[in-house]
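This report refers to the structure that appears directly beneath it.
What follows draws every value from the coordinates through simple rules; no lab data is involved. Note that this is a predicted model, so its numbers are computed, not measured. Here Cβ is always computed from backbone atoms with ideal geometry, including for glycine, and neighbour counts include all displayed protein chains.
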Amino acid sequence: MSENPSPSTALIHHPYQPPAGFAAPQPGVFKASTVIFPNVAALQARDWKEKTGYTYGLHGTPSTFLLEARIASLEGGHDALLVPSGLAAITLVDMALLAHGDEVLIPDNAYGPGKELARQELARWGISHRFYDPADPARLAAMIGPATKLVWLEAPGSITMEFPDLPALVRVARDKGVLTALDNTWGSGLAFNAFELGGGLGVDISAHALTKFPSGGGDVLMGSVTTRDPALHLRLKGTHMRSGWGVGANDVEAVLRALPSLPLRYAAQDAAGRALAQWWLQQPQVTQVLHPALPGAPGHAHWKALCTQAAGLFSVVFDARFRPQQVHAFVDALKLFKIGYSWAGPVSLAVPYDVAAMRPGSPWRGTLVRFSLGLEDPADLQADLQQALQAVRWDD
Ligand SMILES: *Cc1c(COP(=O)(O)O)cnc(C)c1O
């Protein structure tokens, strides 16, 4: 390059380098599609499988490597992969581990879009699925056949919050030599260690919607797939690389910035969730409060055996004599609780569901409302629930 390059060149190839040794509480943000190699030999020698160097933005930057390492340690795993959403984490696991002719078993109370993926894409690719009752490990054992290659787990179940005997389900799959993948979004690595469930048992794979607790802001979509076994990680990483799952550096930064407060937020939302779930027990409009830490809730004993903490998330089933419109009017009357999907952000949320349509096999009938606690003062949230209950004519 000449001594005095033209401005257009100098704006790109500038000699100034900032001083080394910068240190600050938060790591820097590294953005790249292109990664620059020092020479051709380095370009030809670098291997995307190794985290000793960089090849292309899609396959890792200092930002993504750092978040992968933090998520792996949070969950008690060895390696993690980042994907653009929690649902993409489920897709990656299915795509990496299942082939034409295989079968996957999914809990009947699993996260809905993951079930829909099995009904549509997996079916189209010649991969069959069956839904199993996670409350019945013996039945799961009977369902596992030669074609079964993967058992999904979720604790607790989505929306209806039944906590399964996770170690028993893992034991069943392990005894049959079938891989287990847990949707670990609720536990977030804090409520229990998915890789150490006791007695030498642990899941093979943890999929996590980082969208929820790790982000904590209600403003980022991201997922992760964590493993302990390096060979299994490489299988997943191969599919990850070939399918083009990238995450943006600004989103990675947002999650890295939120991670230090994760345990505090989890504990605060847990305390608020339990207080309000207790309060709902006294309300005559509801017949069931579905929160795994409440005695009497489905799977409470299994929750207690594994966890001391719970996510700030629960559902209530309104008495079936109330019309859906009455329950919807209650939800519409809420002021602090907003109507919307997702959870673990700063804003408390409520969503109504028709419980019989959603879980045909469940013992409950009527309208269910799922609450997720934000970070508002729990006393204000309770007052909001109270005023919304009073705003509805229940005796119509
Ligand atoms: C939210 C959620 C997902 C999906 O996460 P997205 O980032 O919204 O795709 C998967 N599983 C569970 C249990 C969830 O709560």
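Positive end of the charge dipole of the stretch 40-261 (Lys, Arg +1 and Asp, Glu -1 on Cβ, about the Cα centre): tell me which of 109, 48, 250 has its Cα farthest that way.
48
Kirkwood Rh over Cα pairs of the stretch 40-261 into Stokes-Einstein at 4 °C, 1.567 mPa s: D in µm²/s?
Estimated diffusion coefficient is 73 µm²/s.
Expressed in nm to one decimal, what extension gain is obtained for the pair residue 3 and residue 56 from 0.36 nm per residue of sequence separation less their Cα-Cα distance?
Gain in length upon complete extension: 16.0 nm.
Please work out the ratio of the alpha-carbon Rg of the chain to 2.2 N^0.38 Å and round it to two decimals.
On the way: Rg = 23.5 Å, N = 396, 2.2 N^0.38 = 21.4 Å.
Normalised Rg, Cα atoms only: 1.10.
What does the charge count near residue 97 come to, summing +1 for each Lys or Arg and -1 for each Asp or Glu among other residues with Cβ under 11 Å from its Cβ?
The answer is -1.
Using a Förster distance of 45 angstrom, determine the FRET efficiency expected from the C-beta separation of residue 14 and residue 257, and round it to 0.05.
Working: r = 29 Å, r/R0 = 0.64.
The formula returns an efficiency of 0.95 here.
Restricting to DSSP H runs of at least four residues, report the calculated mean residue ellipticity at 222 nm for the chain, -39500 (n - 2.57) per run over all residues, nearest 500 deg cm²/dmol.
On the way: 14 runs with 137 residues, N = 396.
Theoretical 222 nm ellipticity from helices: -10000 deg cm²/dmol.
Which of the peptides 381-389, 14-22, 214-222, 56-64 is most tightly packed, and how do the rest follow, going by the mean number of other Cβ atoms within 10 Å of each residue? Numbers along the way, then the final one.
Values: 381-389: 17.0, 14-22: 6.0, 214-222: 20.8, 56-64: 19.2.
Descending packing order for the listed peptides: 214-222, 56-64, 381-389, 14-22.
Along the stretch 122-133, what does the Karplus equation 6.51 cos²θ - 1.76 cosθ + 1.60 (θ = phi - 60°) give for ³J(HN,Hα), rounded to whole Hz, x for Gly and Pro?
So the J values, rounded to whole Hz, are 4, 4, 5, 8, x, 9, 8, 9, 9, 9, 10, 7.
Calculate the translational D of the stretch 139-298 in whole µm² s⁻¹ from Stokes-Einstein, where the hydrodynamic radius comes from the Kirkwood formula applied to all Cα pairs, the temperature is 10 °C and the viscosity 1.306 mPa s. Could you put the intermediate results ahead of the total?
Working: Rh = 17.8 Å.
Estimated diffusion coefficient is 89 µm²/s.
In whole angstrom, note down how far apart the Cα centers of the stretch 137-179 and the stretch 1-78 are.
After rounding, the separation between the Cα centres reads 41 Å.
Any chance you could check the Cα centroid distance between the stretch 185-226 and the stretch 316-388 for me, in angstrom?
Their Cα centres are 25 Å away from one another.
Once you wrap a convex hull around the alpha carbon atoms of the stretch 210-346, what is its projected area averaged over all directions, in nm²? Intermediate results must be reported in sequence, preceding the final value.
Values: hull surface 46.1 nm².
Average projection, Cα convex hull of the stretch 210-346: 11.5 nm².
How big is the Cα convex hull of the stretch 269-396 in projection, averaged over all directions, in nm²? Kindly include the intermediate steps, with their values, before the conclusion.
Working: hull surface 30.1 nm².
That works out to 7.5 nm².
Return the sequence-ordered ³J(HN,Hα) values of the stretch 203-212 in whole Hz as given by the Karplus equation 6.51 cos²θ - 1.76 cosθ + 1.60 applied to θ = phi - 60°, using x for Gly and Pro.
6, 7, 9, 10, 9, 9, 7, 5, 3, 8
Taking 0.36 nm per residue of separation and subtracting the Cα-Cα distance, what length does fully extending residue 376 through residue 341 add? Mind dumping the intermediate values first?
Values: separation 35, 0.36 × 35 = 12.60 nm, distance 1.76 nm.
Residue separation times 0.36 nm, minus the Cα-Cα distance, leaves 10.8 nm.
So for the chain: antiparallel DSSP bridges make up what percent, rounded to the nearest 5? The partial results should precede the final answer.
Details: 26 of 44 bridges.
Taking every DSSP beta bridge with both residues in the chain, the antiparallel ones total about 60 percent.
Each residue of the stretch 145-153 in turn: what ³J(HN,Hα) in whole Hz from Karplus with 6.51, -1.76, 1.60 and θ = phi - 60°, glycine and Pro shown as x?
x, x, 7, 6, 10, 7, 10, 7, 9
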